[in-house]
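The values are calculated or read from the model by the stated rules, or taken from the named source; none is laboratory data. Worth saying up front: this structure is predicted, and the values here are computed from it rather than measured. Please note: Cβ atoms are built from the backbone with ideal geometry, for glycine as well, and neighbour counts cover all protein chains shown. In case anyone asks, the SASA skips ligands and DNA or RNA and just uses the protein heavy atoms, side chains included. Shrake-Rupley method; radii C 1.70, N 1.55, O 1.52, S 1.80 Å.
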Amino acid sequence: MAEEKEEKESFWVKFLAFCVKSPVTVFFVAALSYFAFQVYVLGNSPIVNKGIICGLLFLWAFWFLARNLFKVLLVLLFVGAIGYGYYAHTQQKIEACEASGGVWNKQTQTCEEKKTLWQQAKEWWQEFIAQLEESPEDSKLKNSDKE
């Protein structure tokens, strides 16, 4: 019997200690309970009361973030550092290529030496000629298929 009394007292003592320790949380829980009772049990102006509930939830989230701002900033800094480290690691080859005076080819993932405008034009012309040489054969094949 004495143990049950101690358990009941300890529950109420713990509950009272929680209420004293975090009065803002108690206020938000009480306010949300009141407006939820108004909406879902009594059915009094549900749109207005649901708007108030959303506003209270937003304020509660803002309070939580403001109270834990230092922890949130530490987590964001940690995530940012990991992201920057990953980016720097993946860009090492590209930076080494550019530092040596080359150009990184994204398609082949290789480092190529820089080409002048004239060299690039010459390369394009050779590709164009190669395509022209292939196309008459293709047209002959197409004509023979039609017959």
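Results, tabulated for the structure shown:
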| item | result |
| --- | --- |
| Residue within the range 17-32 that is basic (Lys, Arg) and surrounded by 12 or more Cβ atoms within 10 Å (Cβ to Cβ) present | no |
| Filter result (charged (D, E, K, R), open to solvent by 90 Å² or more (accessible area, probe 1.4 Å) and more than 30 Å from VAL26 (Cα to Cα)) within the range 61-114 | LYS93, GLU95, GLU98, LYS106, GLU113, LYS114 |
| Close pairs (7 angstrom Cβ cut-off, 6 or more residues apart or separate chains): more than 12 Å from TRP60 (Cα to Cα) in the range 19-36, part of a loop (DSSP other than H, G, I, E, B) anywhere | none |
| The range 37-51 - residue that is exposed (fewer than 15 other Cβ atoms within 10 Å of the Cβ) and in contact with a helix residue (DSSP H, G or I) (Cβ under 7 Å, 6 or more places away or on another chain) and, of those, nearest to ARG67 (Cα to Cα) | PRO46 |
